[in-house]
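**Student:** Below you will find the structure I want to go over with you.
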Ligand code: SF4
């Protein structure tokens, strides 16, 4: 039996897909890239990107002819859009066999089997029923795309209510994975040859808030240590602080782990102890993704972001001051409903002061089901957002180019990702600051090299190989099943 898996959207979805692939392969399926060979076509959907529903229904339309030709081929739709649209997917596309949501990814293979006997199955859960398996894709078997790096989901859902975002309604409230399970999973990954992990969550800085609330008001026992870690429970008493910094320290100290990254932190929740952990733990990379969204206090309030521009910059300056050689990236939305020229100029000013290394800039587009989609009277015309985007691009590129230029002549530690997408003869890799470096050589993905930076562009660096520190680490084939 063969499966074809298509993933739309963010890293959370890509990570879910690794787990779906792992589940299917543990049931004996093999991967294929050809629809004509597939016994199962699985679409893992996303509703964050623009026109996500049009893209899904177009893809399902394309698959209809193949399904008519081969009625035994199964089509399954999972992910955020399935969670949001519920019965609609099955109603609009009667040839779909299985529809499942974000809370029952672990049931993907079982649902395919059940639908062979029962016909179309739509199973969308309103919330996770079993925190150990339903909630955390990391607790399921996985098939990683690369050997040397892995994502580790530390929490799911989000307790915030940003006006433009659909995540809270499709992923539910924040649930943190127990500390002990996470450290154990990272230990398994390290034994399996992984040297770089990325801790993944919608708001990683608030990791453990639900755990510490649950443990409130009692002496620490073994259960607490498993749930919250030894640092938090030290001295036999529960402690009154969040857990993310402890998690950075504990995972960063796992033997074999050389780089720890995380995404995404919410600016309102960035704490001094997180900055201290980033500064003090050598394996934690000196890169911070710090989403601004807008530099105008009025727009930030309308977005329900929970910080002002001043507070954002205070925290950013604290991070620059505390962490040596820090690189910072951000997300900015242009043309949020009601954004005036004055509001936008404030965004330009904050962006200039923040001195970003890179930025993901988006023109606002309404997502059905979000509060901001209702602000139709205040939508900003396309020609205005286009012009603002260009002005913002120039500000970001100026700081990015200056900061990259300052790296010329330095020797950087680079982890090789593989051949460059544009030129097979050139290798691409990432520095500890998450900067992309291209250089000549023949090294396998996962190798560690020292590279002298010879040229800087605003989006990448060019370099020359100076030393190969090591090749990729050998995998020992220990199955990665945590939980
Ligand atoms: S913090 Fe805001 S933008 Fe991020 S997932 Fe939660 S609601 Fe969405």
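**Student:** Relative contact order for the chain using alpha-carbon pairs under 8 Å, separation at least 6, rounded to a whole percent?
**Tutor:** Result for the chain is 11 percent.
**Student:** Let me ask another. Most exposed first by the Cβ proxy, i.e. fewest other Cβ within 10 Å, how do 458, 447, 294 rank?
**Tutor:** So the ranking, lowest neighbour count to highest, is 458, 447, 294.
**Student:** To check my understanding: the extent here is largest minus smallest coordinate of the Cα atoms along each principal axis. What are those three numbers for the range 1-111, in Å, largest first?
**Tutor:** Dimensions of the range 1-111 along the principal axes of its Cα atoms: 32, 28, 21 Å.
**Student:** Separate question: Would you mind pulling out the separation of the Cα centroids of the range 421-462 and the range 191-225, in Å?
**Tutor:** Computed from Cα coordinates, the inter-centre distance equals 34 Å.
**Student:** Something else about it: Under the rule a/c < 1.5 gives rounded, and otherwise a/b versus b/c splits prolate from oblate, where does the range 144-285 land using the Cα gyration tensor?
**Tutor:** Oblate, since a/c reaches 1.5 and b/c is not below a/b.
**Student:** Based on the inverse mean of 1/r over its pairs of different Cα atoms, what is the Kirkwood hydrodynamic radius of the chain, in Å?
**Tutor:** 23.9
**Student:** On a C-alpha basis, how far is the centre of the range 25-56 from the centre of the range 319-356 in Å? Whole number, if you could?
**Tutor:** 36
**Student:** Taking 0.36 nm per intervening residue step and subtracting the Cα-Cα distance, what contour gain separates residue 442 from residue 318 on full extension?
**Tutor:** Between residue 442 and residue 318, full extension yields an extra 40.6 nm.
**Student:** Per the helix-only calculation at 222 nm, which mean residue ellipticity applies to the chain, given -39500 (n - 2.57) for every DSSP H run of n ≥ 4 and division by its residues, nearest 500 deg cm²/dmol?
**Tutor:** Mean residue ellipticity at 222 nm (helix-derived): -11000 deg cm²/dmol.
**Student:** Here's a follow-up. Report the FRET efficiency, 1/(1 + (r/R0)^6), for residue 65 and residue 1, where r is their Cβ-Cβ distance and R0 is 25 Å, rounded to 0.05.
**Tutor:** In this case the efficiency is close to 0.75.
**Student:** Take every Cα pair under 8 Å in the range 2-123 that's 6+ residues apart, average their separations, divide by the length, and report that relative contact order as a whole percent.
**Tutor:** Answer for the range 2-123 is 24 percent.
**Student:** Using the Cα atoms of the range 300-385, I'd like the radius of gyration and the largest Cα-Cα distance, Dmax, both in angstrom.
**Tutor:** Reported Rg and Dmax, both Å: 14.5, 46.
**Student:** Any number yet on Rg/Rh for the range 411-470, C-alpha, Kirkwood?
**Tutor:** Rg/Rh for the range 411-470 comes to 0.91.
Values quoted throughout were computed directly from the atomic coordinates according to the rules given, and no laboratory measurement underlies them. In this text the structure is predicted, and so the values were computed from the model without any measurement. Every residue, glycine as well, gets a Cβ built from its backbone with ideal geometry; the counts of neighbours run over all protein chains shown.
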